Structure formats: structure tokens, C-alpha cells
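Below is one structure, written out as C-alpha cells; the observations come after it.
Readers should treat all values here as calculations from the given coordinates under stated rules, not as data from a laboratory. None of the values given here were measured: they were computed from a predicted structure. Neighbour counts run over all protein chains shown; Cβ positions are idealised from the backbone, glycine included.
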Amino acid sequence: CVDVLDYSTEMICYASGANTAKPHDWVGLTHNNLQVDNAFFWRTDNNEVEVGLLDWGVLSCQPFSNAIQGCISGASTEVLLEHRDAFLHAFIDSYAEFGGPVLDFDRMKTCSNLAMLQWAPGIISNVTQVLKFTKAKEWAEIKDWMDPRLVGRFQVRAHTTQFKQSLQLWRQWGLYDEFRAWKESLGLPLTKRPKS
């Protein structure tokens, strides 16, 4: 599945609206981690929700699907399995309600899958962060997810939860099969790697 990363450019182009009549409809100024620790929310006197941004580090122009996937990645695997489609519909509906075009749900779901496909192999780079706080020799003794050496250390808990979740969603959503079908539908080569 490492070959997924060989198609990062194609995935970003697709998520950015390539081959659509209006590709700019699929991108905007977004933040791919606008969760409670990076933003603050309040209600006005008219009971409208307002939002403020604390973390400006990943604010950029990018595909909406990448931002949505990043923002919902804090949900549990169970919540994502049950509600991911509803989250995507909520974005599409809100975008249209406030002046944006109506985006195609099936394409948005494919883009969400592509974002997950890129995230899963990419987070392996966080192993070094985990090993700073829970040393390799300690892992032989850790038998469950509630071990204090895992849940009691923020960096360890945060990153290992992502490792676990990405593997579960990879399997539950059949992401590699989705990836192969997506490549085939666009006429992309089955592999970019030279034959050995």
C-alpha cells in the first residue's frame, strides 16, 4: 500500500476539482485541524455560533475534503463509521446554504477517502514522537489501550490513537480497493514503480 503515496499529486488535483466544470468550487481557505484545541466558539446575543481561530499554522488554500477529513479525524472510529456521510452532507448543505455551489456527494466522499489514504501512511512519521515518551523496551510490556504509559502521556495517546484509527478505517472503508477503483476510473497506471 506504499504505492498510495506515489499518487499524491493526482489525489490532490482530483480533490482540488480537476476534471470538473468549476474546479475552484472544490477549494477554499481552510484549516484541517479546526477542533476544540485550535479554535474557540461562542454564541452571540442572537444565538448564532461564532468561531475564532487559535492555531494559524495549517490555515491555507486547499481542497475542502482535506480540511473536512482533518477536522473529523478527532472523532472515534465508531463515530466516523456511523456518521462520516452525514458530516460530508452537512458540509455540502451548509456550503450551498451560504452561497457556495452544490457539490457532488459521491465525488466528495471519494475525495474524503483519498484524504484518508494519504493520511494513513503519512502518520507513521509520528513514531519518533511516540518513542520520545514511551521507549521501545516499554512497548513489550504494554498489553492494552488503557496502560498508563499509553493513555497517561499525551503525545503517545494522541499518535497511537491515530495509528489505530487509520488502520481500522483503512480496513472498514476498504480504502485500498477504493484507491484501485479510483485509479482505474481515471485511467491512471496501476503502478508507477518500475518492474524489478
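In what sequence do Cys61, Cys13, Cys111, Cys71 fall when counting other Cβ within 10 Å, fewest first?
Going from sparsest to densest Cβ surroundings: Cys61, Cys13, Cys71, Cys111.
What lysines does Lys137 reach when the alpha-carbon gap must be under 25 Å and sequence neighbours fewer than 8 apart in one chain are set aside?
Here the lysines satisfying the reach criterion relative to Lys137 are Lys164.
Taking a ≥ b ≥ c as the square roots of the eigenvalues of the Cα gyration tensor of region 62-196, is the shape rounded (a/c under 1.5), prolate (a/b larger than b/c) or oblate?
Since a/c reaches 1.5 but b/c is at least a/b, the shape of region 62-196 is classed as oblate.
Tell me the relative contact order for region 1-186 as a rounded percent, counting alpha carbon contacts under 8 Å between residues six or more apart.
Result for region 1-186 is 21 percent.
Roughly how big is region 1-186's charge dipole about its Cα centre, with Cβ charges of +1 (Lys, Arg) and -1 (Asp, Glu), in debye to the nearest 20? Each step should come with its number before you reach the end.
Numbers: 16 positive and 23 negative charges, 164 e Å.
With only Lys, Arg, Asp and Glu charged at Cβ, the dipole is about 780 debye.
How far apart, in nm, are the 7 Å Cα→Cβ label points at Ser60 and Glu82?
3.4
Across the chain, where is the longest run that never hits GluC sites (Glu not before Pro) in a DSSP loop with at most 12 other C-beta atoms within 10 Å?
49-140
With each pseudo-label sitting 7 Å past Cα toward Cβ, what's the Tyr176-Thr191 distance in nm, one decimal?
My value for the distance between the label points is 1.3 nm.
Under a crude label model (7 Å from the Cα following the beta-carbon direction), how far is Leu167 from Ile124 in nanometres?
Those two pseudo-labels are separated by 1.2 nm.
For the chain, with a Gaussian network of springs between Cα atoms less than 10 Å apart, report the residue from Pro121, Pro101, Pro148 with the top mean-square fluctuation.
Evaluated over the chain, the most mobile residue of the options is Pro148.
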